[in-house]
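Participant: Here's a structure for you.
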Amino acid sequence: MRTPRTAREAAWLSLVHWRKMIRWVEKQDPDEPVGFFHMQAEISTNWDGQYCALCTWTKAWALRHRERKGNGNNVTTCSFCPLAKKYGPCGGAINAWAYVSMTFSWKEWLKHGRRMEQQLEAVWKELQ
């Protein structure tokens with residue numbers, strides 16, 4: 001994945017990514033257990049940060065910021081993420097990603113995945 005140029009572009013690409021996963025999950029048996037690697041094998045992506053355009057953009061931005069400001073390791077990568085600024089870090093209680101990552105069935109995943117989609121859409125709209 002190439003690094004997005006702007007936070008808005010990264011938010012849009014992340015939104016598209018989640019919509020792709022949601023469309024795939026909608027076709028799964030809702031009572032089946034979540035299959036991280038099953039999704040990866042079927043659609044060549046999953047909800048890991050390495051496939052998230054916002055994560056890619058944020059890490060690149062944080063690296064540039066550290067070099068320019070000389071902050072060393074005092075700057076946490078997530079502190080620059082537009083999603084984290086609005087909903088907290090991905091492991092937090094408000095950000096939907098944490099709930100997606102702890103689901104056991106595709107039905108649960110879909111519920112929280114749709115919430116993640118709403119959060120990303122709100123961030124994308126705010127960045128306009």
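Every read-out reported here was derived from the displayed coordinates using simple, explicitly stated rules and does not represent laboratory data. In this text the structure is predicted, and so the values were computed from the model without any measurement. A quick note on method: Cβ atoms are made from the backbone with ideal geometry, for glycine too, and the neighbour counts reach across all protein chains shown.
Participant: Helix 53-69 sits at what angle to the longest principal axis of the chain, using alpha carbons and giving 0 to 90 degrees rounded to 10?
Facilitator: 20
Participant: Cut-off is 10 Å between beta-carbons; in what order do His112, His38 appear when sorted fewest neighbours first?
Facilitator: Values: His112 18, His38 15.
By the 10 Å Cβ count, ascending, the order reads His38, His112.
Participant: So what is the 222 nm mean residue ellipticity for the chain from helices alone, if each DSSP H run of at least 4 adds -39500 (n - 2.57) and you divide by all residues, rounding to the nearest 500 deg cm²/dmol?
Facilitator: Calculated mean residue ellipticity at 222 nm is -19000 deg cm²/dmol.
Participant: Strictly over 20 Å apart at the Cα level, which of Lys59/Lys86; Lys85/Lys111; Lys20/Lys107; Lys27/Lys111; Lys85/Lys107 would you flag in this model?
Facilitator: Violating the 20 Å Cα-Cα cut-off are Lys85/Lys111; Lys85/Lys107.
Participant: Would you list Glu9, Glu26 from fewest to most Cβ contacts within 10 Å? Walk me through the numbers on the way to the answer.
Facilitator: Details: Glu9 16, Glu26 12.
Least crowded to most crowded, the residues run Glu26, Glu9.
Participant: Listed highest first by mean packing, meaning other Cβ atoms within 10 Å per residue, what order do 95-108, 50-63 come in?
Facilitator: 50-63, 95-108
Participant: If you don't mind, there's one more thing I want to ask. Determine, from the Cβ-Cβ distance of Thr6 and Gln118 and an R0 of 30 Å, the FRET efficiency 1/(1 + (r/R0)^6), rounded to the nearest 0.05.
Facilitator: 0.90
Participant: Which Cys residues of the chain have no other Cys beta carbon under 4.7 Å away?
Facilitator: That list is Cys78, Cys81, Cys90.
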